[in-house]
Amino acid sequence: MKFEPLPLKGAYEIHLERREDDRGFFARMYCDDEFAAQGLNTTWVQMNVSLSREAGTLRGMHFQREPAAEIKLVRCLRGEAFDVIVDLRAGSDTYGQHCHVLLDQDALNAIYVPKGFAHGFQTLSDDTELQYCHSTAYAPGHEGGVNPLDPDLGIAWRRPVTVLSDRDQNLPPLAECTAL
């Protein structure tokens with residue numbers, strides 16, 4: 001695996017190394033030793049998968065507060081997604097800033113999202129499926145989010161938004177969020 005630091009400290013794009021032969025390919029998505037060597041989380045207590053049927057679907061920007069704050073490792077299993085994280089860490093030099101990674105089934109890449117970040121994505125193709133590994137189990141009483149369409153975030157979503165849940169549409173703007 002290759003770990004590429006993103007502009008927001010602690011976040012990484014991870015490139016899986018493909019081993020190909022006439023049958024297809026094999027790639028390691030995760031390795032305790034390699035993650036530990038980078039100083040990254042090596043405990044995953046929950047794995048989830050999402051399927052978004054329509055290109056342009058927007059999900060996010062979600063996070064969990066302490067004591068249930070979580071680290072995420074997200075990879076695209078099918079399709080393509082414009083994956084975005086926003087730094088919400090109290091005292092961070094990059095508070096309120098975002099960066100993105102294009103997750104693609106063929107690119108064999110993933111994004112490592114540290115604690116203190118909101119996470120969301122927009123699908124760029126129909127039937128996009130993402131897999132998430134979480135360092136902490138989902139805790140409904142600690143969930144939160146930032147409105148993904150808040151102009152103060154400055155996120156240039158790649159497509160017109162075709163599907164956005166009522167919950168995500170009604171998330172507060174960045175100015176009303178408390179730092180994590």
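The values are calculated or read from the model by the stated rules, or taken from the named source; none is laboratory data. In this text, all values refer to a predicted model and were calculated from it rather than measured experimentally. We place every Cβ from the backbone using ideal geometry, glycine too, and count neighbours over all the protein chains shown.
Please find, within region 108-127, the residue that is nearest to the chain's Cα centre (by Cα) out of those that are surrounded by fewer than 24 Cβ atoms within 10 Å (Cβ to Cβ) and closer than 24 Å to R53 by Cβ. Here the answer is H119. Every listed requirement among (1) in contact with a Phe, Trp or Tyr (Cβ under 7 Å, 6 or more places away or on another chain); (2) closer than 18 Å to T136 by Cβ is met by Q64 save one, (1). In a residue-by-residue description of region 70-79, the property of being farther than 24 Å from A137 by Cβ and without any contact (Cβ under 8 Å) to a residue 60 or more places away in the chain applies to at least one position. Listed conditions (1) of a type in the set (S, T, N, Q); (2) more than 24 Å from T43 (Cα to Cα); (3) in contact (Cβ under 8 Å) with a residue 12 or more places away in the chain are all met by T178, apart from (3). In this entry, L8 passes the filter for residues that are within 24 Å of E143 (Cβ to Cβ), within 14 Å of the chain's Cα centre (by Cα) and not in a strand (DSSP E or B).
The C-beta contact set for region 137-157 (first residue surrounded by fewer than 16 Cβ atoms within 10 Å (Cβ to Cβ), second residue at pLDDT 95 or above and among the β-branched types (V, I, T), distance under 6 angstrom, 6+ apart or interchain) comprises A137/V45.
Screening R89, R65 for residues that are touching a helix residue (DSSP H, G or I) at 6+ places or on another chain (Cβ under 8 Å) and either in contact (Cβ under 8 Å) with a residue 24 or more places away in the chain or closer than 16 Å to M29 by Cβ (or both) leaves exactly one candidate, R65. Consider Y95 carefully, then state whether it is aromatic (F, W, Y), in a strand (DSSP E or B) and modelled with pLDDT of 95 or more. In short, no. Condition check: touching a Cys at 6+ places or on another chain (Cβ under 9 Å) and more than 26 Å from K2 (Cβ to Cβ). Does G91 satisfy that? Criteria not met by G91.
Reported count of residues in region 23-57, each being acidic (D, E) and within 30 Å of D126 (Cβ to Cβ), is 1.
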